[in-house]
Amino acid sequence: MKPHRLCMTHHLVLSYGLYKKMEIYRPHKAYPVELAQFHSADYVEFLHRISPNTQPLFADELARYNLGEDCPVFENLFEFCQIYAGGTIDAARRLNHQLCDIAINWAGGLHHAKKSAASGFCYINDLVLGILELLKYHARVLYIDIDVHHGDGVEEAFYFTDRVMTVSFHKYGDMFFPGTGDVKDIGEREGKYYAINVPLKDGIDDANFTRLFKTIISKVVETYLPSVIVLQCGADSLAGDRLGCFNLSIEGHSECVKFVKKFNLPLLVTGGGGYTKENVARCWTVETGVLLDAELPNEIPENDYIKYFAPDYTLKIPNGSMENLNSKSYLSTIKVQVLESLRCIQHAPGVQMQEVPPDFYIPDFDEDEQNPDERVDQHTHDKQIQRDDEYYDGDNDNDHNMDEGP
């Protein structure tokens, strides 16, 4: 399963030659038991079972798990979930074992999924699964979300703990989906003050967004002292997005990524929303360049999707022309409330060291009972590391068999 915008991103990253500066890995397909580290077993099992053909037989279950409407059932739905979730889990494991400093999964970032329900085209919450993996090795994880929609599923999962601080910058009000993320929502019990919401109005521009972002994130890192950061880079906060309502240019959006990178902490970066697909591909390609300290020419190189970038064939997009409804006094009030909440944290929370749980759950099977012709399938091969010398620029490019974005 390769959604179009991920194909476009993948080919744009390839056309700029950025893959030469990265190690490329195929994710393992997450096992149901791995998905059930956060999600309820019955929900995972239902996702595994449901298909477009059987959908009419399960009206009650579809309603219970919120499937249909904005979370449609489609062919190979469960495999799609396994692949993008496996990418984020594997990214977290590589960071845990210090095999990389920055790990990117543009296919991940599906931040709305709940423990026992789909939401907002998010079925499995790969971000929560990745953070749970990071918590095996890190006392404090900072989660930052710059999608135009509130990162409700991630916030909800960690609302009662101080081990994860969630910070979401999003549109709030006017019945905008998902309807949560008020500045007053700050966490509860041990998690009180460890959920930070920055609710914004229509039309926020680069200057106001990046100023607020840098002020708040600087104070968060200084106060919370995380040892790893997860950054969700939903591109629906860009100007001109079909479902968004912000005025950000790609420069403004990527400036946030550049700022977070400067903390020099282990960093897991994911995609998220984004519904003007050519701008999503532009944005995540620029941000791949930012993470690699690579300057990219504005003229887009020839690639399989070049026609989608007509008529200008350029990488950067300008700010939108939407009116900015975020007054200086409103933004100042939000900033003061967030910083006041941070002042209530006396010190960064500690955690008692325990035995680290194992990384992998590999189901047992008897090799002798397997059909030798089926013993090694494509995805078993795909679990192997994609070495630099296995990648080609020309006709031998094996991208056509890849299931993962860059």
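Can you tell me which condition V221 does not meet? The list is (1) more than 25 Å from G108 (Cα to Cα); (2) within 22 Å of the chain's Cα centre (by Cα), and all the others hold.
Answer for V221: the failing condition is (1).
Which ones in the range 18-42 are hydroxyl-bearing (S, T, Y) and in a loop (DSSP other than H, G, I, E, B)?
Y31, S40
For V183, state whether it is over 19 Å from E323 (Cα atoms), surrounded by fewer than 20 Cβ atoms within 10 Å (Cβ to Cβ), of a type in the set (A, V, I, L, M, F, W, C) and touching a Phe, Trp or Tyr at 6+ places or on another chain (Cβ under 7 Å).
No: the conditions fail for V183.
Modelled with pLDDT of 95 or more, surrounded by fewer than 23 Cβ atoms within 10 Å (Cβ to Cβ) and touching a Ser or Thr at 6+ places or on another chain (Cβ under 8 Å), is that true of E255?
Against the criterion (modelled with pLDDT of 95 or more, surrounded by fewer than 23 Cβ atoms within 10 Å (Cβ to Cβ) and touching a Ser or Thr at 6+ places or on another chain (Cβ under 8 Å)), E255 qualifies.
Restricting the range 136-155 to residues that are touching a helix residue (DSSP H, G or I) at 6+ places or on another chain (Cβ under 9 Å) and more than 22 Å from S254 (Cβ to Cβ), which is surrounded by the most Cβ atoms within 10 Å (Cβ to Cβ)?
Applying the filter and picking the extreme gives V141.
If you take the residues of the range 78-107 that are open to solvent by less than 20 Å² (accessible area, probe 1.4 Å) and out of contact with any Pro (no Cβ under 9 Å at 6 or more places or on another chain), which of them is farthest from L132 (Cα to Cα)?
Only one residue fits best here, namely C81.
Looking at the range 268-277, is at least one residue under 20 Å from L110 (Cα atoms), among the charged types (D, E, K, R) and open to solvent by 30 Å² or more (accessible area, probe 1.4 Å)?
Yes, the range 268-277 contains at least one residue that is under 20 Å from L110 (Cα atoms), among the charged types (D, E, K, R) and open to solvent by 30 Å² or more (accessible area, probe 1.4 Å).
Across the range 198-233, what is the total count of residues that are surrounded by 23 or more Cβ atoms within 10 Å (Cβ to Cβ), of a type outside the set (F, W, Y) and under 19 Å from P318 (Cβ atoms)?
Residues that pass the stated criteria total 1.
Results for (1) charged (D, E, K, R); (2) out of contact with any Asp or Glu (no Cβ under 7 Å at 6 or more places or on another chain); (3) within 19 Å of H149 (Cβ to Cβ); (4) modelled with pLDDT of 95 or more, shown as yes or no for each residue.
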| residue | (1), (2), (3), (4) |
| --- | --- |
| E34 | yes, yes, no, yes |
| R64 | yes, yes, no, yes |
| L77 | no, yes, no, yes |
| G87 | no, no, no, yes |
| A107 | no, no, yes, yes |
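The values are calculated or read from the model by the stated rules, or taken from the named source; none is laboratory data. Predicted model only: the values in this text are computed from it and were never measured. Ideal geometry is used to build each Cβ from the backbone, glycine not excepted, and the neighbour counts take in all protein chains shown. For the accessible areas, the whole protein counts, side chains as well, though only heavy atoms, and no ligand, DNA or RNA atoms are used. Shrake-Rupley method; radii C 1.70, N 1.55, O 1.52, S 1.80 Å.
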